[in-house]
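The values are calculated or read from the model by the stated rules, or taken from the named source; none is laboratory data. As the structure is a prediction and not an experimental result, all values here were calculated from the model. Using ideal geometry, Cβ is built from the backbone for each residue, glycine included, and neighbour counts are taken over all protein chains shown. Quick note on the areas: whole protein, heavy atoms, side chains included, nothing else; ligands and nucleic acids left out. Shrake-Rupley method; radii C 1.70, N 1.55, O 1.52, S 1.80 Å.
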Amino acid sequence: MSAKNSFDLPKAASLCAQAFFNDELDKYFFPEESRRMSAQVLMYRYLLQGNPRNIYTTSERMEGLMIMEKPYTHSGAFSITDFYAGMPLLQIGFSSLKKMIHFQINATSIRKRLVRDPYWYLQLIAVAPEYQGRGLASRLLRPILLQAEKEKTPVFLETHNPQNIPIYKNFGFRVVDSIKMESANFYHYCLVK
């Protein structure tokens, strides 16, 4: 596992879109299944290009990747650079973009209420479907968890899939909040280790 300052952005965005194709949050953003994959690729491309120093990959083949924000690097501020980088997101459509912005504002507010710096933030962990179940997510996550434990620094994450909770509990996480997402049919689970 290594942090990447340069990586194959299209491949990484495609990996995330495939891994999260049936994720409740992504289905909420992009309910039309026939357009979901292309919209997800645009969304993940934007997310990844805004986080180059926080991306960790399993190998050069990129079977899996993780966005893990280090303590004191949680921005939340929106800059003009973010605006221009996000221009391709207009292709997603106003309804989806509105849902994404509304969700991000709420999720950031919830996170600020539940955890304070210093903390690590697991923004995303994705493994290509053909490599799932082989321990790659664990290989990505374990070194950071060990470092955080050594530093006595909490790690925060969110999930919308209740099946993920037992997996994260095996790593020592505990659910600190669960919020029914307004106008959506899923919960926003917040976990801390």
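Run lengths n ≥ 4 of DSSP H only: what is the helix-derived mean residue ellipticity at 222 nm for the chain, with -39500 (n - 2.57) per run over all residues, to the nearest 500? Working shown, then result.
Working: 7 runs with 84 residues, N = 193.
Helix contribution divided over all residues of the chain: -13500 deg cm²/dmol.
Of the listed values [x] 25; [y] 30; [z] 36, grab the one calculated as percent of Cα pairs over 27 Å apart from the structure here.
Recomputing percent of Cα pairs over 27 Å apart here picks out [x].
Mind checking which aspartates and glutamates have their Cα closer than 18 Å to the Cα of LYS193? Skip sequence neighbours fewer than 8 apart in that chain.
Hits, sequence-local ones excluded: GLU69, ASP117, GLU149, GLU151, GLU158, ASP177.
If you take every DSSP beta bridge whose two residues both sit in the range 24-164, what share of them, in percent to the nearest 5, is antiparallel? Could the numbers behind the result be given before it?
Numbers: 9 of 12 bridges.
Counting only bridges with both partners in the range 24-164, antiparallel ones make up about 75 percent.
Leaving out ligands and nucleic acids, note down the accessible area per residue over the chain with a 1.4 angstrom probe, in whole Å². Don't jump to the answer; show the numbers that get you there.
Details: 10640 Å² over 193 residues.
Per-residue value: 55 Å².
What are the semi-axes of the equivalent ellipsoid for the range 1-67, taken as the square roots of 5 times the Cα gyration tensor eigenvalues, largest first, in whole Å?
Values: eigenvalues 100, 24, 18 Å².
Here the semi-axes work out to 22, 11, 10 Å.
Over the Cα atoms of the range 110-173, how large are the radius of gyration and the largest Cα-Cα distance (Dmax), in Å?
12.5, 37
Could you check how much of the accessible area of the range 78-188 is carbon and sulfur, as a whole percent, using a 1.4 Å probe?
Numbers: 3760 of 6770 Å².
Summing carbon and sulfur atoms, their accessible area is 55 percent of the total for the range 78-188.
With +1 on each Lys and Arg Cβ and -1 on each Asp and Glu Cβ, how big is the dipole of the range 80-157 about its Cα centre, in debye rounded to the nearest 20?
Working: 11 positive and 5 negative charges, 51 e Å.
The calculation lands at about 240 debye.
Explain nothing, just the number: dipole magnitude of the range 55-193 about its Cα centre with +1 on each Lys and Arg Cβ and -1 on each Asp and Glu Cβ, in debye rounded to the nearest 20.
Charge dipole of the range 55-193: 380 debye, to the nearest 20.
Compute the signed sum of charges (Lys and Arg +1, Asp and Glu -1) over the other residues within less than 14 Å, Cβ to Cβ, of GLN91.
Working: positive: ARG35, ARG36, ARG45; negative: GLU32.
Taking every Cβ under 14 Å from that of GLN91, the sum is +2.
Using label points projected 7 Å from each Cα along Cα→Cβ, tell me how many nm separate ARG113 and ARG53, to one decimal.
3.0
Full extension from ILE179 to TYR72: what is 0.36 nm times the residue separation minus their Cα-Cα distance, to one decimal in nm?
Computed gain between ILE179 and TYR72 is 36.0 nm.
Mind checking the full-extension length gain between ARG35 and PHE94? Use 0.36 nm per residue of separation minus the Cα-Cα distance, one decimal, nm.
Roughly 19.8 nm would be gained on extension.
With +1 on each Lys and Arg Cβ and -1 on each Asp and Glu Cβ, and nothing else charged, work out how big the dipole of the range 140-193 is about its Cα centre, in Debye to the nearest 20.
On the way: 7 positive and 5 negative charges, 49 e Å.
In total the dipole reaches around 240 debye.
Note down the relative contact order for the chain as a percent, whole number, built from C-alpha pairs under 8 angstrom at least six residues apart. Numbers along the way, then the final one.
Working: 264 pairs, mean separation 43.1, N = 193.
Result for the chain is 22 percent.
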